[in-house]
Every structure is written in structure tokens, then in C-alpha cells.
């Protein structure tokens with residue numbers, strides 16, 4: 001996670017999203033892009049997940065980049081599936 005003045009700008013965020021998508025497609029083909037994941041219009045918010053929302057089976061990759069006057073941040077989160085007891 002980074003904050004201004006070290007956060008990615010929106011152009012860098014979009015480029016990173018494209019690069020991450022390439023990696024996800026190659027290395028984690030079971031993850032699907034969630035087109036309904038959105039924050040504010042000008043933000044970069046991309047989600048690739050597997051499993052139902054709120055379930056222990058849910059895991060994946062989340063990228064969030066925002067840049068507004070006097071405020072900016074970027075976050076890349078990689079989550080793994082929780083161990084499910086049999």
C-alpha cells in the first residue's frame with residue numbers, strides 16, 4: 001500500500017492493471033475478472049476472484065489506485081483461499 005506522494009497515478013495504475021491481468025490469465029486461469037467491482041469513476045479498481053462473496057472459498061487479486069487533489073493511494077492485495085475444514 002502506498003500513499004501520496006509515492007502512490008501510483010491513474011496512468012500507472014491502468015498499466016499495472018493490464019500487467020496483472022496478463023499474469024492472472026497465465027498463472028491463475030481459475031480466477032475471473034469481476035466487471036461489477038467499482039469504486040469512484042476515476043479510480044482504478046480491478047478484481048480477479050474465485051468463490052462466492054463472503055465465503056471461505058473466495059480468494060484472488062485486488063488492485064486499487066485512486067488519485068484526487070491532495071489525496072492519493074494505491075494498493076495491491078493478493079489473497080489466498082482459507083483452509084476449509086472437512
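Nothing in this text is a laboratory measurement; each read-out follows from the coordinates by a stated rule. Just so it is clear, the model here is predicted, and its values are computed rather than measured. All Cβ positions, even for glycine, are placed from backbone atoms using ideal geometry, and neighbour counts span all protein chains on display.
Worth pointing out:
- Angle between the chain longest axis and helix 10-27 axis [Cα atoms, degrees, rounded to 10]: 20 degrees
- A Förster distance of 22 Å, applied to the separation of the beta-carbon atoms of residue 53 and residue 25, puts the FRET efficiency at 0.50.
- Extension gain for residue 3 to residue 42 (0.36 nm times residue separation, less C-alpha to C-alpha distance): 12.4 nm.
- DSSP assigns beta bridges within the chain; of those with both partners inside it, close to 100 percent run antiparallel.
- Counting only DSSP H runs of at least 4 residues, each contributing -39500 (n - 2.57), and dividing by the residue count of the chain, the helix-based mean residue ellipticity at 222 nm comes to -7000 deg cm²/dmol.
- Across the chain, C-alpha contacts under 8 Å between residues 6 or more apart give a mean separation that, scaled by the residue count, equals a relative contact order of 32 percent.
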